[in-house]
Amino acid sequence: MSVERPAIEPLRSAYRVRFLSDEQLDQLQAATLQILEDVGVRFPSQKALAIFADHGARVDHATHIVRLPPDLVRQALATTPRYFHLGARIPSCDLHLEDGVTYFTTDGCGVETIDFETRQRRPSCKADVGHMARVGDYLSSVAFYWPMVSAQDYGRAAPLHELDASWNNTVKHVQSETLMGEVPARYAVEMATVIAGDKEALRRRPVFSLVVCTIAPLVQDKDGIEGALVLAEAGVPVGFLAMPTLGTTAPATLAGALAMADAEIISAAVLIQLACPGAPVFHSTMQAWADPRSGAYVSYPLDSRCRYAPVEMAHHWGMSTLGGAFGTESSVPGTWQSGVDVTLDPFWVGLTGAEMVTGIGLNRSYTLLFPEAIIMDDDVYHRARYALLNMEIDTETLALDAIRAVGPGGHFLAQKHTRKHMREAMKPAITHQMGQGGKYRDPLEAACDKVAWILKNHQPEPLEEARQTELARMLEAAGRELG
């Protein structure tokens with residue numbers, strides 16, 4: 001018998017921190033509009049070019065570069081919903097995006113894993129996606145699930161198998177970050193329709209969504225864009241994620257990199273709104289740096305303050321956003337680097353008011369899965385969650401009767417008030433798990449044991465057999481078509 005799933009516990013904050021002033025946000029937005037009008041963005045898709053041409057954009061069919069007048073950009077974005085709904089397999093896990101609430105997910109698209117049983121490093125596979133979906137289904141920090149690694153045992157159909165493994169192992173909303181191309185997208189919509197019940201149910205409560213990466217500088221991916229158009233038509237939320245690297249694929253200044261990345265995202269969002277007005281679209285930027293000494297990719301330098309500024313940029317456009325957090329560059333969990341890289345992330349991104357945030361649980365710059373790392377990141381997440389909670393101050397919490405009864409020089413152990421509240425007064429962190437002899441355990445050991453316990457004791461509500469059969473049939477057909 002499976003243990004009960006803890007309720008999702010999002011970050012809730014009544015406070016806000018501003019990294020950028022309104023004047024700075026206006027400057028960045030003006031720069032984005034100038035880039036879109038003067039420089040343009042390359043869309044290597046005839047479908048996208050035709051949509052832009054039909055709506056008055058300047059389209060160079062030879063170079064595939066689209067230039068957008070500011071008025072067209074603003075008119076298109078005016079139909080973008082500020083908030084939207086993310087459905088789940090069971091309604092109690094649905095997510096309603098709103099002000100003051102931040103939902104986190106796992107990290108995704110890793111390519112290697114440390115096998116939980118053998119502890120050997122190997123390429124990731126579909127079984128890893130399913131195992132981590134089950135762990136994420138249990139953790140209250142994980143509000144929706146990104147397939148954490150690639151199903152490399154299934155070739156071009158891997159993104160569809162990642163969705164299948166996710167839906168079979170979590171009841172929470174699933175967000176793909178690998179689904180690309182018109183044909184795979186149509187299979188994904190068909191699979192999601194089976195999960196949701198019918199097309200209208202999928203539109204009302206979309207059980208999955210998609211993140212599409214842009215290509216820096218100022219290029220869209222053909223398959224990504226054409227897949228996004230399919231999903232938008234079905235009412236499935238789509239986000240566009242820019243990943244500029246300062247100094248190589250982006251200017252070496254924060255403002256220049258952010259403006260360029262914003263232009264990539266906004267151009268894609270405009271396309272979706274022109275094709276499907278009112279379609280749910282979200283905004284995401286996760287920049288990195290090039291080490292000038294080696295050219296190496298660095299996601300956590302000493303000055304990484306602009307990890308949080310893109311949240312404000314999205315809101316300035318009136319869009320929801322997917323913020324970035326976690327994803328340490330440390331090769332193994334439990335090191336000083338793995339802690340210090342990510343410790344401030346969930347706190348600061350919560351204070352900026354991001355609606356969604358990735359990415360709990362991966363090491364080595366989002367590429368390597370240690371199953372126990374998700375427990376370490378879950379601990380960091382909850383430290384931020386508690387830090388952002390309002391303190392309850394009322395008659396019960398002030399405990400004046402207990403203080404009066406004990407008086408000066410006494411103790412509170414015998415008080416009913418103490419017995420009522422003591423177990424919830426201290427929330428033991430992963431660093432304060434008790435072992436034999438009353439000593440604190442090694443945190444990594446405790447994290448490994450927690451993963452093993454979840455896999456042994458927690459089994460999400462299974463998909464009905466008829467739905468499993470239908471998904472298997474679709475996957476077989478997709479495998480034949482995609483090769």
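Just a few scattered comments:
- Among 240-248, 56-64, 358-366, the order from most to least packed when residues are scored by Cβ within 10 Å on average: 358-366, 240-248, 56-64
- Degrees, to the nearest 10: 416-425 long Cα axis against longest axis of the chain: 40
- With R₀ set to 30 Å, the beta-carbon distance separating VAL183 from THR63 gives a calculated FRET efficiency near 0.70.
- Dipole of the chain, positive direction: furthest Cα of GLY407, MET180, SER330, with charges on the beta-carbon: GLY407
- When you count the other C-beta atoms within 10 angstrom of each residue and take the mean per peptide, 204-210, 452-458 line up highest first as 204-210, 452-458.
- Ranked packing of 443-450, 224-231, 70-77, most packed first, by mean Cβ within 10 Å: 224-231, 443-450, 70-77
- Projecting the Cα atoms of GLY339, ALA250, THR431 onto the charge dipole of the chain, computed from C-beta unit charges around the Cα centre, puts THR431 farthest toward the positive end.
- Estimated from helical segments only, the mean residue ellipticity of the chain at 222 nm is -12500 deg cm²/dmol, where each DSSP H run of four or more residues counts as -39500 (n - 2.57).
- Summed residue charge, Cβ within 12 Å of CYS448's Cβ, Lys/Arg positive, Asp/Glu negative: -2
- Neighbourhood charge, 13 Å Cβ-Cβ cut-off, centred on ALA263 and excluding it, Lys, Arg +1 and Asp, Glu -1: -2
- For the chain, the longest principal axis of the Cα atoms and the long axis of helix 443-457 meet at an angle of about 80 degrees.
- Only Lys, Arg (+1) and Asp, Glu (-1) charged, at Cβ; the chain dipole about Cα centre in debye: 800
- Where labels lie 7 Å past Cα in the beta-carbon direction, separation of HIS421 and ALA7 in nm: 2.0
- Cα lying deepest toward the dipole's positive end in the chain, options PHE52, GLY155, GLY108, charges on Cβ: GLY108
- Percent antiparallel among DSSP beta bridges (both partners in the chain, rounded to 5): 40
- Couplings 3J(HN,Hα) for region 237-245, derived from phi with the Karplus relation 6.51 cos²θ - 1.76 cosθ + 1.60 (θ = phi - 60°), are x, 10, x, 10, 10, 9, 10, x, 10 Hz, where x marks Gly and Pro.
- Using C-alpha pairs under 8 Å with a sequence gap of at least 6, the mean separation divided by the residue count of region 130-178 gives a relative contact order of 48 percent.
- If you take all other residues with their beta carbon under 15 Å from the beta carbon of VAL207, and give Lys and Arg +1 and Asp and Glu -1, the sum is -3.
- 14 Å cut-off, amide nitrogen to a point 7 angstrom out along VAL332 Cα→Cβ, residues in region 118-139: 119-121
- With respect to the chain, whose longest principal axis is taken over its alpha-carbon atoms, helix 158-167 is tilted by about 40°.
- Theoretical FRET efficiency, 1/(1+(r/R0)^6), r = Cβ-Cβ of THR248 and GLN459, R0 35 Å, to 0.05: 0.15
- Computed FRET value (nearest 0.05) for HIS411 with ASP442, which takes r as the C-beta separation and R₀ as 35 Å: 0.60
- Only Lys, Arg, Asp and Glu carry charge here, each on its Cβ (+1 for the first two, -1 for the last two); on that basis region 325-460 has a dipole of about 580 debye about its Cα centre.
- Computing semi-axes √(5λ) of the Cα gyration tensor in Å directly from the structure and comparing it against (1) 82, 20, 14; (2) 39, 27, 22; (3) 55, 27, 21 singles out (2).
Only the coordinates and a few stated rules stand behind these numbers; no lab work does. Since we're looking at a predicted model, the values are computed, not measured. All Cβ positions, glycine included, derive from the backbone under ideal geometry; neighbour counts span all protein chains shown.
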